[in-house]
1. Where Lys and Arg each count +1 and Asp and Glu each count -1, what net charge lies around ALA67 among other residues with Cβ under 12 Å from its Cβ?
2. log10 I(q)/I(0), Debye, Cα-only the stretch 12-92, no solvent, q = 0.12 Å⁻¹?
3. Roughly speaking, to the nearest percent, how much of the stretch 46-86's 1.4 Å accessible area is carbon and sulfur?
4. Find the eigenvalues of the gyration tensor of the Cα atoms of the stretch 114-162, then list the square roots of 5 times those eigenvalues as equivalent ellipsoid semi-axes, largest first, in whole angstrom.
5. For the stretch 122-170, which whole percent of the accessible surface, found with a 1.4 angstrom probe, sits on carbon and sulfur atoms?
Amino acid sequence: SLFHALRTERFDALLVFLYPLYVIVPLIARVSSKSRVLTGRRSLGLSKHRSLISKGLISLSNLLSDAIVCNSDAVLVRTIEREAFSRRKSITILNGVEPSGLTLRGRRALGAKLRIAASGRLVPEKGQAYLLDAVSSLQRDGFAVDLTIIGDGPLRAELEQWACQLGIHVDFLG
């Protein structure tokens, strides 16, 4: 499970998008690991979480997160207005960005293994197959990468088979 993995594993980065995960994971990670925590926002919609408790937990999560990743500048501006976090802690990574020219500085030269964990339901709209493709590409380029996927859903068997076809090892924790 997610909580067991956060207590027992060491990941370089934890990327979480869904409420309440983007509230819970930073709290647990700060207590139990040294992972960098990136929380994401992908919607311009009005916040569904209007209670004072929800707003307080989101504010605390934002303080504990290393960065807040938004998928567009519009989402970033709207999120800053609604959640009042520091612009310095935010980054926009556009959906569908062409990865050519992007680098993982230092990891390859040092021979250090990159450990990635992703959590979410295993359904088509979450795009875990793209993550498997990206890990395969990194490994072909000489990077040592460990991937852990935390979650379950109807695509689990298909994703396990796809990882096998790509020749990559993935820990599916369910």
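The values are calculated or read from the model by the stated rules, or taken from the named source; none is laboratory data. Being a predicted model, the structure only gives us computed values, none of them experimental. Glycine gets a Cβ as well: all are built from the backbone with ideal geometry, and neighbour counts include every protein chain shown. Heads up: the accessible areas ignore ligands, DNA and RNA and are worked out on the full protein's heavy atoms, side chains in. Shrake-Rupley method; radii C 1.70, N 1.55, O 1.52, S 1.80 Å.
1. That works out to +4.
2. Cα-only, vacuum Debye calculation for the stretch 12-92: -0.29.
3. Accessible surface attributable to carbon and sulfur in the stretch 46-86 totals 64 percent.
4. Sorted largest first and rounded, they come to 20, 11, 8 Å.
5. Solvent-exposed carbon and sulfur of the stretch 122-170 make up 54 percent of the total.
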